[in-house]
Amino acid sequence: MVEVGGIAADRLRQFIERVERLEEEKAALAADVREVYAEAKAVGFDPKIMRQIVKLRKMDTADQQEMEALIDTYKHALGME
């Protein structure tokens, strides 16, 4: 293994190449997600609302309830209800 300035160059290159491959995969997945939202929009669904639903589904129930309570509190304070 070649060391340059105390760094194992081959090992470093392997890590960098792995990260680069993962970044490429991430970009491809992001493109796929955009396609799904575009397909949904084409049949009448609202992608903005879908993104919010996806975000909510990632949250646990307690966090969802806390967020909804805060939204209601803020809306009430602003006279939106």
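Computed from point charges on the beta carbon alone (+1 for Lys and Arg, -1 for Asp and Glu), the dipole magnitude for the range 1-44 about its Cα centre is near 100 Debye. Taking θ as phi - 60° and the Karplus parameters 6.51, -1.76 and 1.60, the scalar couplings of the range 51-58 work out to 4, 5, 5, 4, 4, 4, 5, 6 Hz in sequence order, x denoting glycine and proline.
Each Lys and Arg Cβ is given +1 and each Asp and Glu Cβ -1; about its Cα centre, the chain then shows a dipole of about 120 debye.
The local environment of Gln64, defined by Cβ-Cβ distances under 15 Å, has a net charge of -2 under the rule Lys, Arg +1 and Asp, Glu -1. For the chain, taking Cα atoms only, Rg and Dmax work out to 22.3, 68 Å respectively.
Mind listing which chymotrypsin sites (Phe, Trp or Tyr not before Pro) in the range 31-75 are in a DSSP loop and have 16 or fewer other Cβ atoms within 10 Å?
Working: sites: Tyr37, Phe45, Tyr74; in loops: Phe45.
Of the chymotrypsin sites (Phe, Trp or Tyr not before Pro), the ones in loops of the range 31-75 whose Cβ has at most 16 other Cβ atoms within 10 Å are Phe45.
Taken along its principal axes, the alpha carbon cloud of the range 1-44 reaches lengths of 58, 12, 6 Å, longest axis first.
The numbers here are math on the coordinates, done by the rules we state, and not lab data. Keep in mind it's a predicted model, so treat the numbers as computed, not measured. Glycine also receives a Cβ, built like all others from the backbone with ideal geometry; neighbour counts cover every protein chain displayed.
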